[in-house]
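What follows is calculated from the coordinates using simple rules that are stated; it is not laboratory data. Not measured: the values here are computed from a predicted model. Counting neighbours? That spans all protein chains shown, and the Cβs are built from the backbone with ideal geometry, glycine included.
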Amino acid sequence: MREPELRELDRRLRGIAFAPRASLGPEILGRVRRGEPPAGAGPPRRRRQALATVTAALLAATAGAILLRATGSVTVDRCCYDLDGGGDADDGVLVLAERDARVHHLRIYEDIDRSRSFTESDLVRLDRGASPAMHHAATGGLVTIEHCCVDFDGGGPADDGLVIIGVPPDHVVMAAIYERRPGDAAGSAGFPLR
Amino acid sequence: MHDLIYEAPSPEERLLREEEVGRLLDAVATLGEADRDLIGLRYGSGLDTAEVAQILRISEGGVRTRLWRALGKLREVLTP
């Protein structure tokens, strides 16, 4: 297998940002609790030391969980807007990002319990990782909805836009944020999506 | 705050994109469980090599080696 082919495959996979199977996190946690080392694991004396970091990292492998980083990360929860095209301003966006920089996790949710923030009882419309990508197939009726300008990445200034592609009234296919600078034209065109 | 609503990319562009994604995900589904987990962690969760290594309790080099092999298998599946 030629290396350029594999690098191209790596690039394509990075662009998809699909979710790992939901049972993966609990499954790996169960292996750790039962003391079952995966093939090629390090020596037993390292297990206890690794448990804390493994447990923390598992959160990111579980669908709906959020990766928590030690420093420089911020969680921003903004509610409520009409993000799914349903007509009601009852949707929120939860962003885990390095402050004013890379987005690690982005969730669009419907604020079912009217708490104006994400809770377990809310309905998750979309969960994505670090890369914006189309998450679900859609046969037609796609619209793009933009909201600007809010501090979505914890950077401080309200200079971030949110762009969502979906099928109203309740189907969200893609979501990304972008950062505008003073004097820039309206809309996400030309801005790198994060 | 202002809202803009306009047409998404052309149906042809969307179809091509969805087709490519579908082919890749179908190919991933044919791999063994260990390879699927590795690809899911690396690409699905936005984890870097060091974080995947912590979860699987193998070295970062081990992650890279396994990932490379998994990509090789994936490439074989995708090659007509």
Practice problem: Search segment B:32-68 for residues being polar (S, T, N, Q) and surrounded by fewer than 23 Cβ atoms within 10 Å (Cβ to Cβ), and hand back the single one that is farthest from residue A:3 (Cα to Cα). | Solution: B:54
Quiz item: Quick one: which of A:166, A:140, A:161, A:156 is of a type in the set (Gly, Ala, Ser) and more than 10 Å from chain B (Cβ to nearest Cβ)?
Solution: A:156
Quiz prompt | Qualifying residue in segment A:112-126 (condition: farther than 18 Å from residue A:145 by Cβ and within 12 Å of chain B (Cβ to nearest Cβ)) | solution = no
Quiz item: Does residue A:120 count as within 28 Å of residue B:43 (Cα to Cα) and without any contact (Cβ under 8 Å) to a residue 12 or more places away in the chain?
Solution: yes
Exercise. List every residue pair whose Cβ atoms sit under 7 Å apart, with the two residues 6 or more apart in sequence or on different chains, where the first one lies in segment A:156-168 and is free of Cβ contacts under 8 Å to residues at least 12 places away in the same chain and the second, anywhere, is of a type in the set (D, E, K, R).
Key: A:157/A:151; A:158/A:151
